[in-house]
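Got a structure for you, questions after.
Read-outs: derived from the displayed coordinates by stated rules, not from any lab. Just so you know, these numbers come straight off a predicted model, no measurement behind them. Cβ placement follows ideal geometry from the backbone for every residue including glycine, while neighbour counts extend to all protein chains displayed.
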Amino acid sequence: MKRVIFGIALCFATLALVGCGHEHTIAERWSLDPEQHWHECGECGEKIDPVSHTYNGEYNDGLGICSVCNSGTFYGDNGGYETYSFDESDNLIFIGYYDADGNEIFYSRTEYDYYPDGSAKYAGEYVCDKVKGTGEERLIAEYEYLPCENGENEFGEKVYCSKETSFCDDGTYWVIKYDERFGAIEDIQYDKDGSIISTTTYEYETDENGEVVSQTMYMDGVINAQSIYDYDEDGVQYEAVWRIYDENGELTEEIHYDSDGNEIE
């Protein structure tokens, strides 16, 4: 399964070409458009050995994945297009957005560190907005991964995202910690000086099969909300009760739902 965490590891090589006034510095990451892929000199921008894509089947209604550069393309309604690239572990490592003239207007990439088996250990996500932003790349998120306790989790993943840090434009940032089921267990908002603005924690109760039957949220140590889950006649889980508490932890509202999500009066 292609993952939706953006990323790329940038490596560089050098290549001396006849007729060029300098030694090319070439990023290992492929550059591409809907027809071709190539390596690009980081100093002069020259395309090095452009080659046509070899698309390998369909992917998400796009043209497919090129078997050489492990990338693909979506076309937009306005004549522009979007390119996306994957690493050897099928992590989505780069997305670029281009106008109808082929000019890059936005991109997102992530630098990865890996465990010995190739699973992600760390990812840092960067974006560059050349239209609304300054045109400079900035870090917007970091992800840390831990190995699953029993080799893999119920989703077949060997690692899970245990910590996510999101950076805001105003200097504040959020740190969210997750359990192996990708359930949030702690969510802390920090001011730009590192002081804590607010803390949200989550507690889960499970049944004998390990399924979550209740989730309770606390704001700065005081209960704030609670979900109670049940099963319908087909064994499908649904939210049966939603409880809301005031700033003192007193219950103010309790809403019941049927298996179709309709509120029960």
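Report, in listed order, any pair from 130/192; 47/121; 163/192; 132/177 with a Cα-Cα distance greater than 21 Å.
Working: 130/192 25 Å; 47/121 33 Å; 163/192 19 Å; 132/177 31 Å.
Long pairs (Cα-Cα over 21 Å): 130/192; 47/121; 132/177.
Next question. Using a simple charge model, +1 on the beta-carbon of Lys and Arg, -1 on the beta-carbon of Asp and Glu, nothing else, what dipole does the chain show about its Cα centre, in debye to the nearest 20?
Numbers: 15 positive and 60 negative charges, 323 e Å.
Dipole about the Cα centre, nearest 20: 1560 debye.
If I model a spin label at residue 219 and residue 75 as a point 7 Å from the Cα along the Cα→Cβ vector, what separation in nanometres do I get?
4.9 nm
Compute the relative contact order of segment 207-265 as a whole-number percentage, counting only Cα pairs closer than 8 Å that sit 6 or more residues apart in sequence.
Numbers: 100 pairs, mean separation 13.3, N = 59.
With pairs under 8 Å counted, the relative contact order is 23 percent.
Also, quick follow-up: What does the C-alpha gyration tensor say about the overall shape of the chain? Classify as rounded when a/c is under 1.5, otherwise prolate if a/b is larger than b/c, or oblate.
Details: a/c = 2.32, a/b = 1.97, b/c = 1.18.
Since a/c reaches 1.5 and a/b is larger than b/c, the shape of the chain is classed as prolate.
Tell me the relative contact order for the chain as a rounded percent, counting alpha carbon contacts under 8 Å between residues six or more apart.
Values: 598 pairs, mean separation 20.8, N = 265.
Relative contact order of the chain: 8 percent.
Give me the extension gain from residue 104 to residue 208: residue separation times 0.36 nm, minus the current Cα-Cα distance, reported in nm with one decimal. Mind showing how you got there, number by number?
On the way: separation 104, 0.36 × 104 = 37.44 nm, distance 5.25 nm.
Stretched out fully, the residue 104 to residue 208 stretch lengthens by 32.2 nm.
Please work out the FRET efficiency for the pair residue 239 and residue 33, using the Cβ-Cβ distance as r and a Förster radius of 51 Å; give the result to the nearest 0.05.
Values: r = 46 Å, r/R0 = 0.90.
Efficiency for this residue pair is about 0.65.
What does the charge count around residue 175 come to, taking other residues whose C-beta lies under 13 Å from its C-beta (Lys +1, Arg +1, Asp -1, Glu -1)?
Here the charged neighbours net out to -4.
Please find the FRET efficiency linking residue 111 to residue 260, where r is the Cβ-Cβ separation and R0 is fixed at 45 Å, and quote it to the nearest 0.05. Present the calculation step by step, with values, prior to reporting the outcome.
Details: r = 44 Å, r/R0 = 0.99.
Computed FRET efficiency for residue 111 and residue 260: 0.50.
Measure out, as a whole number of angstrom, how far apart the alpha-carbon centroids of segment 63-105 and segment 143-171 sit.
25 Å
Using the Cα centre of the chain as origin and beta-carbon charges of +1 (Lys, Arg) and -1 (Asp, Glu), tell me which of 73, 199, 147 is placed farthest towards the positive end of the dipole.
My answer, from the dipole projection, is 73.
With θ taken as phi - 60° and the coefficients 6.51, -1.76 and 1.60, list the Karplus ³J(HN,Hα) couplings across segment 37-50 in order, rounded to whole Hz; mark glycine and proline as x.
10, 6, 9, 10, 6, x, 9, 10, x, 5, 6, 10, 6, x
Excluding the sites themselves, what is the longest stretch of the chain that contains no chymotrypsin sites (Phe, Trp or Tyr not before Pro) in a DSSP loop with at most 13 other C-beta atoms within 10 Å? Walk me through the intermediate numbers first.
Numbers: sites that count: 155, 182.
The reported range is 1-154.
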